[in-house]
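Structure first, then comments.
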Amino acid sequence: MLKLSAEEQSMLSGDFGPGVRKAMEIVVTLGQIYGARRLVPVGSVQVAGVSYRNLGEAGLEFLREWADQGARVRVPATLNPAGMDLHAWRELGFSESFAHRQLAVIEAYRRLGVRTTCTCAPYLVGNVPHKGEHVAWAESSAVSYANSVLGARTNREGGPGALAAGITGRIAACGLHLDENRRATLRVIVRCPVRGLSDFGALGYLVGRAARNRVPYFVGLEVGAGLPLSSDAALRALGAAMAASGAVALYHVAGVTPEAARPDMLAPGHETLVVDDLQPAYAALNSDVREIDLVWLGCPHASLEQIAEVVRLLAGRRVKAALWITTAREVRQIAEAEGLVDAVEASGGRVVADMCVVVAPMQELSLRTLATPSAKGATYAPSHSGLRVRYGTVEQCIQAAVTGVWSGSGASVASGSIK
Ligand code: F3S
């Protein structure tokens with residue numbers, strides 16, 4: 001039985017206006033469905049349902065109506081990626097008609113009080129919940145990062161649920177908001193080398209497929225020191241891949257993530273998975289396409305460090321394929337100030353803000369094949385964007401951008417099999 005405080009009851013009764021009442025009705029209904037006994041205050045929300053391609057006219061009208069009813073978020077709120085760069089959509093080739101509707105969606109969110117930065121990495125632009133803080137986030141890789149790397153607490157919210165949480169400042173205390181559901185139920189022993197971005201994505205892909213609603217706890221996984229990427233980039237690639245292949249919203253890495261040290265972290269009766277080969281992931285995520293139209297980095301949205309890495313790997317060479325690095329607008333602005341955007345553009349590439357390829361209307365562009373080091377991008381791009389995909393290391397992807405063709409097998413440095 002869900003119990004409400006006097007203020008929550010008052011929101012539900014309409015004392016705060018029809019927009020807040022509608023939001024509280026959503027929060028309460030979801031709480032009842034999941035058997036919650038109380039609501040908890042949230043420190044921030046991350047709202048999904050931003051691309052007009054996914055929302056459509058009905059979704060846009062829903063948002064406008066909510067804004068007309070006076071609803072406004074009462075906690076910091078950020079937005080998921082849109083279906084285009086909100087400034088450079090024309091140069092990228094998106095249509096006037098799509099852009100017009102997409103900008104209307106952003107305006108509706110602005111009226112609702114949401115900060116209209118569009119990114120799946122809100123933690124790179126100041127939305128950084130602290131350990132133990134309850135939040136309501138609705139983007140799978142961001143949810144994974146908030147829970148696992150930051151130790152904050154969120155379920156994988158839907159778009160309206162996260163927005164309703166922002167408007168009421170509350171979410172139902174269920175699922176990963178509760179201590180008992182954060183314990184690991186799948187111990188993952190890693191016995192193969194896991195080195196670059198695509199290796200972490202490949203590992204995440206395999207573990208996500210095997211996880212089936214369980215919380216993984218990695219042992220034997222080296223993150224950070226001695227690797228060609230930061231621990232943050234490694235964990236983002238790992239978490240995003242598990243979120244895509246298995247809806248994993250929380251994982252722990254021994255010696256690395258904040259809750260892994262809890263003495264009772266491994267739940268009694270947990271199962272064990274041994275991974276000694278990443279090759280099945282590379283095989284599953286690769287098509288046999290040879291000519292590459294688009295190389296996409298920045299899934300999840302690229303950090304400054306990752307943009308700098310691309311500049312280093314390009315080494316001033318011109319690209320033949322389109323090269324997009326997707327990121328948050330604020331990160332792009334810093335990259336611009338540091339000369340990184342100019343360096344990418346001098347090679348013929350683009351640092352693209354606000355958007356994500358898998359929610360963009362890619363059929364409007366003449367791009368049919370994709371190379372990416374992101375397992376999440378490679379998982380979704382064929383079904384969501386109709387692109388044929390090559391999945392490999394960052395170096396392989398940059399090489400494909402320069403030559404316009406995929407070379408190499410797409411295999412990782414590791415070999416073996418999942419048990
Ligand atoms: Fe972000 Fe899109 Fe990748 S939302 S994690 S860039 S699939």
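With the highest mean first, a sort of the peptides 360-373, 75-88 on other beta-carbon atoms found within 10 angstrom per residue produces 75-88, 360-373.
Take the Cα of Asn181, step 7 Å toward its Cβ, do the same at Glu291, and the gap between the two points is 4.9 nm.
The Cα center of the stretch 116-139 and the Cα center of the stretch 351-379 differ in position by 22 Å.
Candidates Ala322, Gly339, Met1 compared by Cα position along the dipole of the chain: farthest toward the positive end lies Met1, with charges placed on Cβ. In terms of the Cα gyration tensor, with a ≥ b ≥ c the square roots of its eigenvalues, is the chain rounded because a/c is under 1.5, prolate because a/b exceeds b/c, or oblate? Verdict is oblate for the chain. What number, in percent, do you get for the relative contact order of the chain if the mean sequence gap of Cα pairs under 8 Å and at least 6 apart is divided by its residue count? Reported relative contact order: 18 percent. Computed from backbone phi, the HN-Hα couplings of the stretch 347-356 come to 8, x, x, 9, 9, 9, 9, 6, 10, 9 Hz, rounded to whole numbers (Karplus: 6.51 cos²θ - 1.76 cosθ + 1.60, θ = phi - 60°; Gly and Pro given as x). Under the convention that each Lys and Arg Cβ holds +1 and each Asp and Glu Cβ holds -1, the size of the dipole of the chain around its Cα centre is about 600 debye. Dipole orientation for the stretch 77-185: of the candidates Leu176, Met84, Cys118, Leu176 has the Cα lying most toward the positive pole (charges on Cβ; Lys, Arg +1; Asp, Glu -1). Taking the chain as a Gaussian network of alpha-carbon nodes connected by springs under 10 Å, the highest mean-square fluctuation of the residues Arg262, Arg332, Arg350 belongs to Arg262. Maximal additional length on extending the His100-Ala261 stretch stands at 53.0 nm, based on 0.36 nm per residue less the C-alpha distance.
For the stretch 86-240, what class follows from the C-alpha gyration tensor (a ≥ b ≥ c being the square roots of its eigenvalues): rounded when a/c is under 1.5, otherwise prolate if a/b is larger than b/c, else oblate? Don't jump to the answer; show the numbers that get you there.
Values: a/c = 2.35, a/b = 1.39, b/c = 1.69.
Oblate, because a/c is 1.5 or more while a/b does not exceed b/c.
In percent, rounded to a whole number, the relative contact order of the stretch 263-419 is 36, using alpha-carbon pairs under 8 Å and six or more apart.
Bear in mind these aren't lab numbers, they're just calculated from the coordinates by the rules spelled out. What you are looking at is a predicted structure, and each value in this text was computed from that prediction instead of being measured. We place every Cβ from the backbone using ideal geometry, glycine too, and count neighbours over all the protein chains shown.
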